[in-house]
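Mind having a look at this structure? Questions to follow.
The values are calculated or read from the model by the stated rules, or taken from the named source; none is laboratory data. These figures come from a predicted structure and were not determined experimentally. So basically every Cβ, Gly included, is an ideal-geometry build from the backbone, and we count neighbours across all protein chains shown.
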Amino acid sequence: MKFGTILLLVFILLLLIGLFLPLRFRFYYLKKEKDDFISITWQVIPGIWGIKLEIPFIKISTAALWPMIKMVTKIAGEKGRPWMEKEQQEILGKVQLKRLGRSIILLLKNSKKMKKIGDWFLSKISLRDFFWCTEIGTRDAAQTGILTGIFWSIKTFLYGYLQHQVKHVGCRPQISVLPDFQQEKAFFQLNCIFEIRLGHIMIGGLKMLPLLWILKKGGDYR
């Protein structure tokens, strides 16, 4: 057997093994007053090596004639070595707002199909860690109490749906809503670690292709 053939067989074997290996991802979101921070990490070897996408700065400015979104994006290793940093500003003019409205209408028209695909994705996910903390406060104690109850209801519903849909929950969730009756406060922190097999990602991508094509063309997915 030729050396090239052996290499090809080894490559195919490794590819097949890789399709069944779970990939671990970490999603982290932090909102503190007007500041937002998003981090998505692919943990190849958790805690040692991975690829991290960070969006440490998102700002929507309405000072100009048209609203403007400013966003800073960073890609780095899990240990913090930077690979790329990019700053982007997008003005939401008439054309952009019209395009956004059209996209929202198309998403609503195809929401049932998107939910079906989303539920399929969730059914292949194993949840490894889930932390969700919210601190809310106004200068009115009654309003703060009402908001606290609303947030608890929303969190209970969303996590109950998530727990029902995912393949496996391997952690005890940490969910909290903390009222602050002394000051205005808006603090939101979400940390989620989950696993999904590469093969399921590829199959899900194939399921999404027809829908993405229809959305691009502005039609309806039947």
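Looking at (1) more than 26 Å from K34 (Cβ to Cβ); (2) out of contact with any Asp or Glu (no Cβ under 9 Å at 6 or more places or on another chain), find the lone condition where G149 falls short.
Only one criterion in (1) more than 26 Å from K34 (Cβ to Cβ); (2) out of contact with any Asp or Glu (no Cβ under 9 Å at 6 or more places or on another chain) is unmet by G149, namely (1).
State whether the residues of segment 188-198 include one that is among the polar types (S, T, N, Q), at pLDDT 90 or above and either under 23 Å from I104 (Cβ atoms) or loosely packed, with under 12 Cβ neighbours inside 10 Å (or both).
No, that holds for no residue.
Taking only pairs six or more apart or across chains, which ones have beta-carbon atoms under 8 Å, a first residue in segment 179-202 that is farther than 20 Å from K34 by Cβ and in contact (Cβ under 8 Å) with a residue 60 or more places away in the chain, and a second residue that is polar (S, T, N, Q) and not in a loop (DSSP other than H, G, I, E, B)?
Hits for this filter: I193/Q43; F194/S126; E195/S126; I196/S126.
Another question, then. Where the second residue is buried (at least 18 other Cβ atoms within 10 Å of the Cβ) and small (G, A, S) and the first is at pLDDT 90 or above and lies in segment 120-144, which pairs have Cβ atoms under 7 Å and are six or more apart or on separate chains?
Every condition considered, the pairs that remain are T144/G137.
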